[in-house]
Amino acid sequence: MAPPTSVFRAGATALITGSASGVGLAVAKLCASHSMNLILVDNNTAKLDEAKSTISSSSKGSVDTHSMDVASLSDWSDLKSSVEKSGKKLDFLHLNAGIGLKSDWTDSAYFHKIFDVNLFGVINGINTFFPHFADNHASQKAIIVTGSKQGITNPPGNPAYNASKSAVKTLTEHLSFDLAKSSPSTSVHLLVPGWTFTGLTGGGKTTSKPDGAWAPEQVADFLYQKMGEGRFYAICPDNDVDWETDRKRMMWTMGDVVYERLPMSRWREEFKEEATGTMEGMRLGGKQGD
């Protein structure tokens with residue numbers, strides 16, 4: 001069977017949401033470097049135009065743009081009609097669009113907005129284009145979904161965002177399991193960036209990349225590497241947090257359930273000393289990819 005990276009090929013069609021900037025744009029550039037035809041989707045028309053201009057100048061494939069709201073099923077229906085009327089069928093789908101609002105427990109609109117974009121933006125995309133990837137026993141295809149470490153380690157401060165990304169993780173795991181049986185030539189991958197300098201960084205207030213952050217292009221390259229290894233999880237380190245630290249944090253978080261600790265114990269005063277000491281003493285062995 002061909003490796004997942006064989007989806008990056010001349011003439012294949014890639015659709016990427018949230019592709020006007022950040023990680024989505026970096027993945028679009030990766031696809032363009034392999035002469036793929038691109039469909040760039042975002043709700044920022046001006047940024048989409050900039051992205052199209054930048055990519056078209058060096059890409060051998062076509063570059064189309066669609067300004068839309070990923071939370072809107074009618075927008076997805078219009079997009080599907082546009083894609084299929086042009087005679088195209090998707091080979092690569094990256095559901096990357098997301099927002100990072102913050103508010104409190106009394107703000108119902110905050111919870112709805114986060115889930116409408118971060119979770120249902122993914123569900124809508126899968127629902128809409130699933131037929132393009134189902135029952136695929138021929139050429140390699142791929143579906144990428146962008147998650148977050150906050151959906152795994154669950155730090156305090158933004159319950160709606162964390163819960164939305166936790167749901168995205170679960171959804172993508174199920175998609176991988178189901179398609180592995182029915183569509184073996186379609187691979188599914190959960191991309192989990194580390195600290196990445198994008199439009200979401202610092203609420204868009206930071207204008208230069210902090211030393212600890214990765215550039216979006218590093219995330220795209222890491223995704224390509226993990227796909228080449230046949231991995232489902234592409235959990236990116238950054239310049240401040242390495243893979244070993246990520247593993248220890250994830251192990252401690254799962255331990256809250258296994259050892260019946262209070263939830264989010266890593267951030268509770270009565271567990272901080274134990275958490276720090278335990279994680280420092282962990283010897284997990286192996287390297288990323290082992």
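Give me the pairs: first residue in segment 24-41 and more than 19 Å from Lys89 (Cα to Cα), second residue among the acidic types (Asp, Glu) and crowded, with 24+ Cβ neighbours inside 10 Å, beta-carbon distance under 8 Å, and six or more apart or on different chains, which are they?
Gly24/Asp42
Residue check, Trp105 against (1) of a type in the set (A, V, I, L, M, F, W, C); (2) surrounded by fewer than 17 Cβ atoms within 10 Å (Cβ to Cβ); (3) in a strand (DSSP E or B), all met but one. Which one?
(3)
Is it true that some residue in segment 42-49 is touching a helix residue (DSSP H, G or I) at 6+ places or on another chain (Cβ under 6 Å), surrounded by 19 or more Cβ atoms within 10 Å (Cβ to Cβ) and not charged (D, E, K, R)? Reasoning before the result, please.
Here is the first cut: in segment 42-49, the residues touching a helix residue (DSSP H, G or I) at 6+ places or on another chain (Cβ under 6 Å) are 42.
Next cut, surrounded by 19 or more Cβ atoms within 10 Å (Cβ to Cβ) only: 42.
In the following step, the residues that additionally are not charged (D, E, K, R) were identified as none.
There is no residue in segment 42-49 that is touching a helix residue (DSSP H, G or I) at 6+ places or on another chain (Cβ under 6 Å), surrounded by 19 or more Cβ atoms within 10 Å (Cβ to Cβ) and not charged (D, E, K, R).
Tell me which residues, restricted to segment 78-97, are under 15 Å from Ile126 (Cα atoms) and either among the aromatic types (Phe, Trp, Tyr) or assigned to a loop (DSSP other than H, G, I, E, B) (or both).
Scanning segment 78-97 gives Lys89, Leu90, Asp91, Phe92, Asn96, Ala97.
Out of Ala220, Ala275, Ala234, report the one residue that is in contact with a helix residue (DSSP H, G or I) (Cβ under 6 Å, 6 or more places away or on another chain), touching a residue at least 24 places away in the same chain (Cβ under 8 Å), part of a helix (DSSP H, G or I) and among the hydrophobic types (A, V, I, L, M, F, W, C). Please lay out each step first, then the result.
Details: Ala275 fails: touching a residue at least 24 places away in the same chain (Cβ under 8 Å); Ala234 fails: part of a helix (DSSP H, G or I).
Answer to the selection: Ala220.
For the condition modelled with pLDDT under 95, among the aromatic types (Phe, Trp, Tyr) and either farther than 30 Å from Pro131 by Cβ or surrounded by 14 or more Cβ atoms within 10 Å (Cβ to Cβ) (or both), what is the one hit in Phe222, Phe271, Phe197? Quick ask: steps written out before the conclusion?
Details: Phe222 fails: modelled with pLDDT under 95; Phe271 fails: modelled with pLDDT under 95.
Result: Phe197 is the single residue among Phe222, Phe271, Phe197 that is modelled with pLDDT under 95, among the aromatic types (Phe, Trp, Tyr) and either farther than 30 Å from Pro131 by Cβ or surrounded by 14 or more Cβ atoms within 10 Å (Cβ to Cβ) (or both).
Is there a residue in segment 195-206 that is in a helix (DSSP H, G or I), in contact (Cβ under 8 Å) with a residue 24 or more places away in the chain and on the phi > 0 side of the Ramachandran plot?
Residues of segment 195-206 in a helix (DSSP H, G or I): 201-204.
Subsequent filtering for residues that are in contact (Cβ under 8 Å) with a residue 24 or more places away in the chain retains 203.
Right, trim to on the phi > 0 side of the Ramachandran plot and you get 203.
Yes.
Counting only residues that are assigned to a strand (DSSP E or B) and over 11 Å from the mean Cα position of the chain (by Cα), how many does segment 108-151 have? Can you show your working first?
Step one: list which residues in segment 108-151 are assigned to a strand (DSSP E or B), which gives 141-146.
Then keep just the ones that are over 11 Å from the mean Cα position of the chain (by Cα); that gives 141-142.
The number of residues fulfilling the criteria is 2.
Kindly establish whether Lys60 is of a type outside the set (Gly, Ala, Ser), in a loop (DSSP other than H, G, I, E, B), modelled with pLDDT under 95 and closer than 23 Å to Thr128 by Cβ.
On the way: of a type outside the set (Gly, Ala, Ser): yes; in a loop (DSSP other than H, G, I, E, B): yes; modelled with pLDDT under 95: yes; closer than 23 Å to Thr128 by Cβ: no.
Answer is no for this residue.
Please verify whether segment 104-119 includes one or more residues that are closer than 22 Å to Val145 by Cβ and in contact with a Lys or Arg (Cβ under 7 Å, 6 or more places away or on another chain).
Of segment 104-119, the ones closer than 22 Å to Val145 by Cβ are 111-119.
In the following step, the residues that additionally are in contact with a Lys or Arg (Cβ under 7 Å, 6 or more places away or on another chain) were identified as 118.
Yes, that holds for at least one residue.
Pull up segment 152-194, narrow it to residues that are under 30 Å from Ser6 (Cβ atoms) and of a type in the set (S, T, N, Q), then point me to the one that is modelled with the lowest pLDDT.
This residue is Ser182.
Those residues that are over 13 Å from His189 (Cα atoms), crowded, with 17+ Cβ neighbours inside 10 Å and hydrophobic (A, V, I, L, M, F, W, C), I need them from segment 127-147; list them, please.
Scanning segment 127-147 gives Phe129, Phe133.
The values are calculated or read from the model by the stated rules, or taken from the named source; none is laboratory data. All values derive from a computational prediction rather than experimental measurement. Because the Cβ atoms are built from the backbone with ideal geometry, glycine has one as well, and the counts that use them run over all protein chains shown.
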